[in-house]
Amino acid sequence: MSGDAMFEARELSRHYSTGGGFLRALDGVSFKIFKGETLGVVGESGCGKTTCGRTLIGLYGKTGGSALYCDADVHTLAGEEKRRFKKEVQMVFQDAYSALDPRMTAGDIVSEGPDIHGLTRTRAERAERAVRYLELVGLGGEHLGRYAHEFSGGQRQRVGIARALAVEPQFILLDEPISALDVSIQAQIINLLMDLQKRLGLTYMFIAHDLSVVRLVSDRIAVMYLGSVVELASSAEIYYNALHPYTRALYASVPIPDPELEMRRRADVIGDAADPGLRPESGCKFAPRCKYADGVCRRDAPPLIESDEGHFIACHYPIQNIGAAPGEREMKF
Amino acid sequence: MSDLLEIRRLRVSYHTMAGEIQAVRGVDLSVGENEVVAVVGESGCGKSVTARSILRLVRRPAGDIKSGSEILFRGENVLSFDKKRLRRYRGGECSIVFQDPLSALNPTMRSGRQIEENLRAHSGISAAAARAEAVELLRRVGFDDPARRARQYPHELSGGMRQRVMIAIAFSNRPSLLIADEPTTALDVTIQSRVLELLRELQVETRASIVLITHDLGVVAGIAKRIYVMYAGRIVESGSSEDIFYHTAHPYTKALLASVPRMTMQSKLPLPYIQGVPPELIDPPSGCAFAERCALCMDICRREEPKLTESNGRHSTACWFETLPGTDGGGLL
Ligand SMILES: Nc1ncnc2c1ncn2[C@@H]1O[C@H](COP(=O)(O)OP(=O)(O)OP(=O)(O)O)[C@@H](O)[C@H]1O
Ligand SMILES: Nc1ncnc2c1ncn2[C@@H]1O[C@H](COP(=O)(O)OP(=O)(O)OP(=O)(O)O)[C@@H](O)[C@H]1O
Ligand SMILES: [Mg+2]
Ligand SMILES: [Mg+2]
């Protein structure tokens, strides 16, 4: 993959002022999202995934750096360009329940975008379009008049996806689209998203906390820790050749649906990222939880560098390549 | 060994505008002393209603535990406990941890105080002793600075920390039975992994029995000795963890297992999932509830309900294909 960056973050930052000072929710991240790919973003709760996605698409203001969409700065778009951007870039939220207005029918929800963008002229056209998109996500036209609260969790998430698709976007920010669903419905939604991507040539940014899911849908994965990208590489590289101790810890914490393997899985015990005591003022942010950290780590923050072609890492002591990811694979010996 | 908890023919309905929802339709379930038992199944299958019934938390008049149901705790029927006996049972002998700790905790009370109240409700200890004990419990569930945490309110803690406070409350009176209803579903993977580890440790230490409820078979693999698989208000398969994972009998259990995302799956390929949706519980089908979604469905499956049949020790399944002579199933081995 090369050249064709759809989105680019350059040292993008967003800080919040809090009681005592400010919180660097997004702390100078740089990455690209190429046309037609899925960039997965993983990390624990509170590491800044949502902030990253929303700042990238201009939904949140930035406090530093820049976010580019097809080389144009998303935070200064205006006029026709801004209108086009709003049509081409869509979003699906984690909590489909609160994201959909319970007093609107599925038909109204799906038609809202096309109405705004003037994509339909007559009522018949409007209804026809809504049915088409509901069918695209596997909901029959009979759902057109049903209210959001009458749908199950999985169905609601489909309505949310249909809404995003109905304006014919190029890019969709998927912010934990499946975390609130149970396993079987998760699989259906993932399959649907992958299928739509193939058919419509969509580009995705897929946010989740669970590496096992992100790995299955993504071409490349960015691992975030406290506002920074600490590792970024292809899905396969992240799986076979993760270099950052934090990425390894994320792997090791995925439970395995097999009692014998699961009994032997021992997650690295690492503290709670949300604990303010574990947000150091200097050095590598992961150092307080890292078993390999030394004085260098506590003094100097490691920059994100390209260690191998397309494999970026921010760590003073990357884990040596042992040719296998921890967790399930390692225990197969 | 007589069982600590024995549920017999539990039936629970909810009366709604649309009609009577038969949430639990005849569940038999037992938990031995010092045993960890899991209940797994898709959203809406009746797991939480079963959990709430064990503590008699089903609210009348909408909720209705049908006559003929029995919940025996050390041989005594919980459903006929008087107020005083129920007070001793709830929070003393038997306690519960919910999925969403924020709504289960009192937002206006410091976390330490909530533990103290529960301690004092069930024993005659002094205020000072309760305070010391609360701090000790917070240390036990993994806080490095328990005295400070005891003074914090729930909203000042992260999701994982709140769940640990809930667990401290649940274990404060050394219950014989702990019901954990999706204790990790709202948490991200690294924290989930540590909460499970904590439950495992506390179980060994206090010799409490645990009923662990979840939709994720990965979560139960390392902790449950026996597993009940629930579908549309009934148990469709039960057995040792080994039976369920390695000698899976019911087609539903097989489908559920196949839909857990695994680290070993290839990325960007469609995931297996269970076609269709569970039946409406207002008017449940007369035959096997899984028939419509089952690849092995035969005529009899639509006509007659298969009984939960024990074959191999304590491994039972409710499936015509497995129990009828002459089918390929032909027994559970
Ligand atoms: N409006 C705000 N004001 C102050 N702090 C905020 C605000 N929004 C987010 N934060 C903080 O910024 C950090 C990053 O939050 P963000 O929601 O981006 O994380 P996340 O990785 O998406 O987490 P989750 O997995 O829980 O959704 C957190 O510490 C959060 O508390
Ligand atoms: N208070 C209530 N009023 C009406 N119906 C209810 C109520 N509580 C539960 N139900 C219904 O009872 C059935 C079983 O619900 P239950 O909450 O036990 O499911 P569950 O297996 O715990 O699902 P989940 O995984 O989503 O938590 C569902 O059909 C649900 O809609
Ligand atoms: Mg988020
Ligand atoms: Mg439930």
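The values are calculated or read from the model by the stated rules, or taken from the named source; none is laboratory data. In this text the structure is predicted, and so the values were computed from the model without any measurement. All Cβ positions, even for glycine, are placed from backbone atoms using ideal geometry, and neighbour counts span all protein chains on display. Quick note on the areas: whole protein, heavy atoms, side chains included, nothing else; ligands and nucleic acids left out. Shrake-Rupley method; radii C 1.70, N 1.55, O 1.52, S 1.80 Å.
Laid out as a table, the results:
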{"quantity": "Cβ-placed point charges (K, R +1; D, E -1), dipole of the range A:150-280 about Cα centre in debye, nearest 20", "calculated": "220"}
{"quantity": "Accessible solvent surface per residue of chain A, calculated while the other protein chains remain in place, 1.4 angstrom probe, Å²", "calculated": "42"}
{"quantity": "Calculated [θ] (222 nm, deg cm²/dmol) that DSSP helices of n ≥ 4 give over chain B, each run adding -39,500 (n - 2.57)", "calculated": "-9000 deg cm²/dmol"}
{"quantity": "Chain A: angle of helix A:153-165 to the longest principal axis, Cα-based, in degrees nearest 10", "calculated": "80"}
{"quantity": "Calculated log₁₀ intensity ratio I(q)/I(0) where the Debye formula runs over C-alpha points of the range B:150-266, q = 0.17, 0.24 Å⁻¹", "calculated": "-0.94, -1.44"}
{"quantity": "Residues of the range A:23-49 buried by at least 30 Å² on assembly (accessible area, 1.4 Å probe, chain alone as reference)", "calculated": "A:E44"}
{"quantity": "Equivalent ellipsoid semi-axes, the range B:1-129, via Cα gyration tensor eigenvalues times 5, rooted, Å", "calculated": "27, 20, 15"}
{"quantity": "Cα shape, the range A:5-225, gyration tensor, a/c 1.5 rule", "calculated": "prolate"}
{"quantity": "Separation of the B:I300 and A:C70 label points, Cα + 7 Å toward Cβ, nm", "calculated": "6.3"}
{"quantity": "Using alpha-carbon coordinates, inclination of helix B:189-206 to the longest axis of chain B, degrees", "calculated": "80"}
{"quantity": "Carbon plus sulfur fraction of accessible area for the range A:61-191, probe 1.4 Å, in percent", "calculated": "48"}
{"quantity": "Prolate/oblate/rounded label for the range A:148-225 (Cα gyration tensor, a/c 1.5)", "calculated": "oblate"}
{"quantity": "The protein assembly as shown shape via C-alpha gyration tensor axes, a/c threshold 1.5", "calculated": "oblate"}
{"quantity": "Those trypsin sites (Lys or Arg not before Pro) in the range A:84-135 that DSSP places in a loop and that have at most 15 other beta carbons within 10 Å", "calculated": "A:R103, A:R121"}
{"quantity": "Accessible surface buried upon B-A contact (total; probe 1.4 Å; Å², nearest 100)", "calculated": "4000"}
{"quantity": "Sum of side-chain charges, B:R162 neighbourhood, beta-carbon under 10 Å (Lys, Arg +1; Asp, Glu -1)", "calculated": "-1"}
{"quantity": "Inter-probe distance in nm under a simple model that places probes 7 Å from Cα toward Cβ, at A:E88 and B:H15", "calculated": "5.9"}
{"quantity": "Simple Cβ-charge dipole of chain A, Lys/Arg +1 and Asp/Glu -1, about Cα centre, in debye nearest 20", "calculated": "440"}
{"quantity": "The range B:74-131 - Rg and Dmax from Cα coordinates, angstrom", "calculated": "13.6, 38"}
{"quantity": "Point-charge dipole on Cβ atoms (K/R +1, D/E -1) for the range B:206-320, about Cα centre, debye to 20", "calculated": "380"}
{"quantity": "Normalised convex hull volume, the range B:234-323, alpha-carbon set, Å³ per residue", "calculated": "108"}
{"quantity": "Residues in the range B:183-201 that, when all protein chains are in place, have 40 Å² or more less accessible area than the chain alone would give (probe 1.4 Å)", "calculated": "B:D188, B:V189, B:T190, B:S193, B:R194"}
{"quantity": "Subset of B:K47/B:K307; A:K82/A:K285; B:K225/B:K268; A:K86/A:K198; A:K49/B:K47; A:K32/A:K285 violating a 27 Å alpha-carbon distance limit", "calculated": "A:K82/A:K285; B:K225/B:K268; A:K49/B:K47"}
{"quantity": "Per residue, the convex hull volume that the Cα atoms of the range B:87-175 enclose (Å³)", "calculated": "84"}
{"quantity": "Residues A:E168 and A:E142, FRET efficiency given R0 of 30 Å [Cβ-Cβ distance, rounded to 0.05]", "calculated": "0.80"}
{"quantity": "The range A:127-263 - Debye-derived log10 I(q)/I(0), Cα point model, q = 0.11, 0.15 Å⁻¹", "calculated": "-0.49, -0.82"}
{"quantity": "Of B:A104, B:G63, B:G92, farthest towards positive along the dipole that unit charges on Lys, Arg, Asp, Glu beta carbons give the range B:54-105", "calculated": "B:G92"}
{"quantity": "Solvent exposure of the range B:5-224 as accessible area per residue, Å², 1.4 Å probe", "calculated": "40"}
{"quantity": "Computed [θ] at 222 nm, helices only, for chain A once each DSSP H run of length n ≥ 4 contributes -39500 (n - 2.57)", "calculated": "-9500 deg cm²/dmol"}
{"quantity": "Computed accessible area, B:Y273, all protein chains, 1.4 angstrom probe, square angstrom", "calculated": "80"}
{"quantity": "Full-extension gain in nm, A:A78 to A:R10, via 0.36 nm per residue minus C-alpha separation", "calculated": "22.4 nm"}
{"quantity": "Angstrom value of the Kirkwood radius, inverse mean 1/r, which spans all Cα pairs in chain B", "calculated": "21.1"}
{"quantity": "Lys/Arg +1, Asp/Glu -1 at C-beta; the protein assembly as shown dipole; positive extreme among B:Y246, A:F151, B:S172", "calculated": "B:S172"}
{"quantity": "The range A:92-201 - Kirkwood radius from inverse mean 1/r over Cα pairs (Å)", "calculated": "13.9"}
{"quantity": "Kirkwood Rh, angstrom, the range B:107-153 [1 / mean 1/r, Cα pairs]", "calculated": "10.5"}
